[in-house]
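Following: one structure in structure tokens, then a few remarks.
The values are calculated or read from the model by the stated rules, or taken from the named source; none is laboratory data. As the structure is a prediction and not an experimental result, all values here were calculated from the model. Ideal geometry is used to build each Cβ from the backbone, glycine not excepted, and the neighbour counts take in all protein chains shown. Only protein heavy atoms, including side chains, enter the accessible area calculation; ligands, DNA and RNA are left aside. Shrake-Rupley method; radii C 1.70, N 1.55, O 1.52, S 1.80 Å.
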Amino acid sequence: MAPRRAREREMLVDSLYSVIALVFVLVACVELCDAATVVDVYRLIQYDMSGTPFGSRLASLNHHAGSMQFSPHADLSRAVLMIPLRELNMTFIKEYIAQRKPLGGLLLLLPQLFSFENRDCTGSNNQNHGKDQLKNVLEELEQILIHTNLPYPVYFAFEDDDVNSVLTDIKKNDATGQPATATTGGYKFVVSAPEPKRVSSPTITNIQGWLAGTKTDDDASQVPTIAIVASYDTFGAAPALSVGSDSNGSGVVALLEIARLFSLLYSNPKTRGRYNLLFGLTSGGPYNYNGTQKWLRSFDQRLRESVDYAICLNSIGSWENELLIHVSKPPENAYIKQIFEGFSSVAEELGFKVSLKHKKINISNSRVAWEHEQFSRLRVTAATISGLSTAPQLLERTGGLVDSRHFVNETAITRTVKLIAEGLARHIYVAPFLPKDDPFVLALKKELEDHTDEVNLQREVLDGMFTFYDSTRAMLNIYQVASVTFDLLLLLVLGSYLIVLFSFLVITTRGLDDLISLFRRPPSRKVKTA
């Protein structure tokens with residue numbers, strides 16, 4: 001009988017332990033069981049320039065959320081500020097970053113206008129005015145963020161109904177003077193991401209295509225060459241969002257369309273031009289046109305000497321009435337005069353103006369302002385056609401957050417393609433060969449295909465002063481958590497209920513003595529010696 005009662009007592013004790021363990025599991029899950037939403041977020045770029053760190057230096061996030069309506073004396077070292085771009089106080093951002101005040105993190109909400117998945121480009125004049133204002137704000141914000149060392153996570157996300165609902169609740173809590181904390185509850189932002197790792201030996205890839213001109217003999221290298229070049233890399237505050245529609249997606253699109261158009265003529269020996277056409281898509285544009293430099297140095301001497309001139313395309317999707325031709329050689333140079341006069345006459349017929357801008361190269365300065373300067377340093381005549389009147393500063397206008405298709409003038413790209421295609425055609429074939437309504441213009445509606453021959457890739461390692469880090473995109477888990485007071489009250493209620501239930505079951509099945517015996521000290525097992 002005694003062993004049976006001992007086994008029953010042991011089973012009851014095990015049941016009690018199981019119940020207690022269940023209570024702790026339930027309490028531990030209180031904060032995690034009420035996930036409000038999951039959001040795609042994009043981390044601020046992290047990079048080093050000449051060994052100096054810039055951008056966001058952390059990726060993981062686990063803090064309570066706050067809004068711009070926080071108390072002036074609030075401690076934000078363990079809070080993530082959720083700030084829509086529409087409500088951004090630029091003065092606050094500048095002061096807070098400049099003074100390096102402690103902050104748990106930043107979540108910046110962008111309108112769907114800046115999403116590359118949003119294809120609705122239409123709007124009223126008032127909406128377009130608001131669009132330009134948002135673009136200016138975001139452009140200023142981006143420059144501040146990429147040139148600052150931020151010791152906390154910074155993420156971008158796009159507005160939607162779920163995110164806006166969470167923001168509304170956070171504002172209500174902050175308005176009461178009780179921001180989210182471990183004591184009061186609220187919302188918690190969690191991003192589980194590994195520590196960013198340095199990208200070792202980043203690769204840059206140059207793509208080259210060739211259309212061979214009419215040969216005078218068996219040696220095609222005797223045919224002069226015209227190069228059309230565009231850089232395709234981007235740099236922005238959020239690498240996963242930097243599509244670069246204007247800088248330099250517009251230049252790439254124009255180059256590929258020009259390649260397609262001339263391939264129609266070069267596919268027929270009777271209409272093949274007396275020039276080779278070399279098409280180059282170069283990498284490393286934002287980083288001092290590093291890929292262009294490596295591509296040019298890979299040329300053998302005969303190819304380099306055969307290049308009459310090179311036309312570089314940069315940011316041609318944002319101009320209105322005037323297109324700029326940037327050169328390094330003086331305007332009096334015979335090749336420069338020929339290029340400018342040829343394009344000027346075509347532009348006049350198309351109803352817009354082309355201007356020439358001369359900027360002398362400073363050989364002692366390693367900084368390259370325009371892509372054509374890499375050609376000029378090797379004594380190759382070159383020019384950059386762009387809608388920009390002046391060269392951007394380093395890491396400016398390199399395809400950042402604001403450079404989306406909604407701010408690109410597609411008509412400007414079409415007009416640039418017409419200008420270059422007809423200008424080159426007149427130079428290659430002589431003007432009377434092509435009428436004003438030639439197939440070049442009519443073929444612009446077709447989708448671009450790859451029609452060049454002898455396509456090859458050149459892969460090189462990006463060198464210089466830049467070091468980059470991974471972890472550019474993550475998932476943000478937003479949890480709605482209760483306060484600690486609620487957790488303790490829930491624990492007390494559940495514990496009391498389970499203890500009463502357990503005691504009732506023991507008394508009704510085994511009696512009060514068995515319940516009391518569970519809490520008695522067991523008798524000593526020491527054996528008395530004789």
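Are any residues in the range 355-375 surrounded by fewer than 21 Cβ atoms within 10 Å (Cβ to Cβ) and touching a residue at least 12 places away in the same chain (Cβ under 8 Å), and if so, which ones? Answer for the range 355-375, where residues must be surrounded by fewer than 21 Cβ atoms within 10 Å (Cβ to Cβ) and touching a residue at least 12 places away in the same chain (Cβ under 8 Å): Ser355, Leu356, Lys357, His358, Lys359, Lys360, Ile361, Ile363, Ser366, Arg367, Ala369. For Asn126, the conditions (1) in a helix (DSSP H, G or I); (2) of a type outside the set (Val, Ile, Thr); (3) under 30 Å from the mean Cα position of the chain (by Cα); (4) at pLDDT 85 or above are fulfilled apart from (4).
Residue-level analysis places Ser263 outside the set of residues that are at pLDDT 95 or above and assigned to a helix (DSSP H, G or I).
Being in contact (Cβ under 8 Å) with a residue 60 or more places away in the chain, outside any loop (DSSP other than H, G, I, E, B) and under 27 Å from Ala412 (Cα atoms) holds for only one residue in Glu341, Glu349, Glu320, and it is Glu349. Which count do you get for residues in the range 398-454 that are open to solvent by 20 Å² or more (accessible area, probe 1.4 Å), at pLDDT below 90, touching a Phe, Trp or Tyr at 6+ places or on another chain (Cβ under 9 Å) and assigned to a loop (DSSP other than H, G, I, E, B)? Matching residues across the range 398-454 total 3.
Which of the residues that make up the range 36-48 are over 17 Å from Asn149 (Cα atoms), at pLDDT 90 or above and either open to solvent by less than 40 Å² (accessible area, probe 1.4 Å) or assigned to a loop (DSSP other than H, G, I, E, B) (or both)? Residues satisfying the conditions are Val39, Val41, Tyr42. Only one entry in Val229, Val253 is of a type in the set (Val, Ile, Thr), crowded, with 21+ Cβ neighbours inside 10 Å and in a helix (DSSP H, G or I), namely Val253. On inspection, Gly51 does not qualify as of a type in the set (Gly, Ala, Ser), touching a Leu at 6+ places or on another chain (Cβ under 6 Å) and modelled with pLDDT of 80 or more.
Can you name the residue in the range 61-88 that is part of a loop (DSSP other than H, G, I, E, B) and open to solvent by 70 Å² or more (accessible area, probe 1.4 Å) and, of all such residues, is modelled with the highest pLDDT? This residue is Arg78. If the condition is being of a type outside the set (A, V, I, L, M) and either surrounded by fewer than 19 Cβ atoms within 10 Å (Cβ to Cβ) or assigned to a loop (DSSP other than H, G, I, E, B) (or both), then the range 323-338 contributes Ser328, Lys329, Pro330, Pro331, Glu332, Asn333, Tyr335, Lys337, Gln338.
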